[in-house]
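Following: one structure in structure tokens, then a few remarks.
The values are calculated or read from the model by the stated rules, or taken from the named source; none is laboratory data. A quick note: this is a predicted structure, and the numbers were derived from the prediction, not measured. With ideal geometry, Cβ positions are generated from the backbone for all residues, glycine too; neighbour counts draw on all protein chains shown. Each accessible area value is taken on the protein alone, full model and side chains, heavy atoms only, with ligands, DNA and RNA left out. Shrake-Rupley method; radii C 1.70, N 1.55, O 1.52, S 1.80 Å.
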Amino acid sequence: MGVCVRNLKLLKYSFSNVALHLYRNIQYILTLSLSIILISFAFITFFGLNSAYDACNRVLSAGMKNSGTIRSLDHKLISDKGLAFLDELQNQDIIDSFGSSDLRGNDILTDLVDTQRGHTQNYGYELSKVLEVLTMNPALFNFCNINIDEGERISNLDFSDESLIYLYLGHAYKNKVELGKTYQSNYNTSYKVAGFLGKDSQWINPNIALLFDSAKPTYNLDYAVIMLIKYPNTDSIFFNTEDNFEETRKLILEAAKAHGFTVAVGSLQTVYDTASTDNEILADYIKQLTGIVLLSSIIIMSCLSTVMIYYNKAQYGIFLAVGFSEQDIIKMLVFEMLLKILLSLMLAFPIARFLSINWFAGAETSFINDIMWDKTFPIVLAVAFLVTLVSWIIPITIFKKTPVTKMIMR
Amino acid sequence: MIKLSNITKTYKADGVETNALKGINLTIDSGEMTAIVGTSGSGKTTLLNIIGAMDTASSGQYTFNEIRVTELNKNKFREFRKDNISFVFQHFELMTMYDVYANVEMPLIARDVPRRERKKIISQCLEKLQIADLASKYPNHLSGGQQQRVAIARALAADTKVLLADEPTGALDNNTSNTLMKVFNEIRDLGKTVIIVTHDMNIARQCKRIIKIDDGIITESIEKS
């Protein structure tokens, strides 16, 4: 009981000490806060890269090693020539799946636009009548193994009527749109709701091939509208082939040439390999930067702690003279240290969070904010403790080696 | 009883050795009020620090009652100081961020005295030093004499056998000094051993025994009848 009271009093003395010398401790707290912020972002970058790599590895190991993008360099693929070109590719069985992400103004699917508003993946395109759709051919839908919660399985759908386009809607539409509802457009095309996806269904982001260092690895499909069409109508198309990629690439380039197109064909694997090399260099820089930040923080905080020990030495001397032990004083220092860590975290994390939310606001990069809380926070917390502990080694050694008489001496 | 036999203290600084104490032999009986006088640098504070277990002797034997202080390990040495010695300093050394009550409470916290008992002891000490009305004041708002009374109350609260005072009147005027000396005499009357280091012979004369020290050696020991 007595020891407990003594510890509580020591805690109180420590808190009073920090509060009383707050203007001096503020330098320490600011240094620790700054280093927490910098280290947070270093770790976020590490985990961000790893997360993108993991996603890509999953994609590659899941059979998408033979995946890539076809990008038209001179003519739009959305043209008769373009469709003829894509048709030829499919007829040769070279490519079995196509897909892309698209934005389109829509006056027909208004209830879908209303539900989706505020939940689009493409940040900044939340115009009142723009619907974001994922267009893919049935082969790609099958390939991605997207979970259907309610409605027809894709194998049961009849694609013979080219004027009918099937829609699969995200889970958010389930109680808002009727299953089987058909929308009639002015261009002799109708859209039919074929089914609803399971909650939290994911789809690999095709842009990951282009944005390895910052792309969100997967999409949540809760607000997605998937349109099953034979050919996606954008200039950049994600495709998959089961054949040798290099041979496929040659065939695509020849077919494009025959149709008067110039296209760029990128392999997911090549982009991944290039990005890996670039990111390894970046990761090395980040490692060095993190090391410099940690070392600088330890040196600065060691100096500040040593100054604080010198400044408070008379006080510690009095504590020893009235009967407290060295261990009691070290306990006080530890309590002070914990309080400073707490204050630093209270300052640093909201700042880091605020910066992270603003810097990584886009849908492509917003997953970084989740990384901050899920992975970075516990590690940064541990690093903050470690840095603080190491920075107190010298001051505590000085304290232990200073005789009581010298502490009290004016 | 305090017994020092052939105590020496040598300081080393920048490769130069300084002999602060050169073979001190001294016996102080329990309940005695002793003044150690000497000029600045004579070794009187060093001697007080060794008696108070704030510093260790380079050689010699220090015995306190039956305890061989010079042979104690670090922890026992600190325990010995906590159990037997209280200090009063020239510049009071109060914690300015805490009020008088909290200052006097500190040695009791260090000794794990229960709250109710602490309250009782603090109240008695403040009454004894006639500063009960200052309990909630902060040291910075008190006069030098009042601050020294608080420091003495703090020393008294620890309830140790020995009270050591290093130039306790050094920062005070004559009247206040004389009043404080009466307080020390009263403490002696409680059966405690009081040792005062001073360079002021007027203060020393108010003690039963005067020990003169010069250049680390006791040159004279005067005992009043």
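Worth a mention:
- Residue in the range A:298-314 that is touching a helix residue (DSSP H, G or I) at 6+ places or on another chain (Cβ under 8 Å), more than 30 Å from A:Val383 (Cα to Cα), open to solvent by 20 Å² or more (accessible area, probe 1.4 Å) and touching a residue at least 24 places away in the same chain (Cβ under 8 Å) present: yes
- Within the range A:250-262, being in contact with a strand residue (DSSP E or B) (Cβ under 8 Å, 6 or more places away or on another chain), of a type outside the set (Ser, Thr, Tyr) and either modelled with pLDDT under 85 or farther than 16 Å from A:Gly68 by Cβ (or both) holds for one residue alone: A:Phe261.
- Unique residue being among the hydrophobic types (A, V, I, L, M, F, W, C) and closer than 24 Å to A:Leu320 by Cβ when the list is B:Leu180, B:Leu156, B:Leu190, B:Leu172: B:Leu156
- Any hit, the range B:159-173, residues being of a type in the set (D, E, K, R) and in a helix (DSSP H, G or I): no
- Qualifying positions in the range B:90-105 - more than 7 Å from chain A (Cβ to nearest Cβ) and free of Cβ contacts under 8 Å to residues at least 60 places away in the same chain: B:Thr96, B:Tyr98, B:Asp99, B:Val100, B:Tyr101, B:Ala102, B:Asn103, B:Val104, B:Glu105
- Restricted to the range A:144-156, and to residues there that are modelled with pLDDT of 85 or more and open to solvent by less than 70 Å² (accessible area, probe 1.4 Å), the residue that is farthest from A:Lys199 (Cα to Cα) is A:Gly151.
- Considering the conditions (1) within 14 Å of another protein chain (Cβ to nearest Cβ); (2) within 27 Å of B:Leu4 (Cβ to Cβ); (3) surrounded by fewer than 16 Cβ atoms within 10 Å (Cβ to Cβ), B:Ala158 is excluded by exactly one of them, (3).
- Of all residues in the range B:54-64, none satisfies being under 25 Å from B:Gln146 (Cα atoms) and within 8 Å of chain A (Cβ to nearest Cβ).
- Annotation note: of A:Ser40, A:Ser61, A:Ser100, A:Ser14, the sole residue that is modelled with pLDDT of 80 or more and within 26 Å of the chain's Cα centre (by Cα) is A:Ser40.
- Checking A:Ile281, A:Ile292 one by one, the residue that is under 28 Å from A:Ala42 (Cβ atoms), surrounded by fewer than 16 Cβ atoms within 10 Å (Cβ to Cβ), of a type in the set (Val, Ile, Thr) and at pLDDT below 85 is A:Ile281 and no other.
- Within the range B:107-126, if we keep just the residues that are within 23 Å of A:Ile329 (Cα to Cα) and open to solvent by 40 Å² or more (accessible area, probe 1.4 Å), the residue that is nearest to the other protein chains (Cβ to nearest Cβ) turns out to be B:Asp112.
- When B:Asn19, B:Asn84 are checked against the criterion of being more than 9 Å from chain A (Cβ to nearest Cβ), surrounded by 15 or more Cβ atoms within 10 Å (Cβ to Cβ), within 30 Å of B:Glu127 (Cβ to Cβ) and touching a residue at least 40 places away in the same chain (Cβ under 8 Å), B:Asn84 stands alone in meeting it.
- Flag if B:Gln148 is touching a helix residue (DSSP H, G or I) at 6+ places or on another chain (Cβ under 8 Å), open to solvent by less than 10 Å² (accessible area, probe 1.4 Å) and either away from chain A (no Cβ under 13 Å) or more than 14 Å from B:Ala102 (Cα to Cα) (or both): yes
- Scanning the range A:374-404 for residues that are in contact (Cβ under 8 Å) with a residue 40 or more places away in the chain and within 14 Å of chain B (Cβ to nearest Cβ) yields A:Lys400, A:Thr402, A:Val404.
- Qualifying position, being part of a strand (DSSP E or B), touching a Ser or Thr at 6+ places or on another chain (Cβ under 9 Å) and closer than 29 Å to A:Glu242 by Cβ, among A:Ile165, A:Ile146: A:Ile165
- When we screen A:Met332, A:Met337, A:Met308 for residues that are under 29 Å from B:Leu156 (Cα atoms), part of a helix (DSSP H, G or I) and either within 13 Å of chain B (Cβ to nearest Cβ) or of a type in the set (A, V, I, L, M) (or both), the only hit is A:Met332.
- Residue within the range B:65-77 that is touching an Asp or Glu at 6+ places or on another chain (Cβ under 9 Å), at pLDDT below 90 and either open to solvent by less than 20 Å² (accessible area, probe 1.4 Å) or in a loop (DSSP other than H, G, I, E, B) (or both) present: no
Quick grid of which residues meet (1) modelled with pLDDT under 80; (2) closer than 30 Å to A:Ile165 by Cβ:
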| site | (1), (2) |
| --- | --- |
| A:Val3 | yes, no |
| A:Val18 | no, no |
| A:Ser35 | no, no |
| A:Ile44 | yes, no |
| A:Ile78 | yes, yes |
| A:Gly105 | yes, yes |
| A:Leu112 | no, yes |
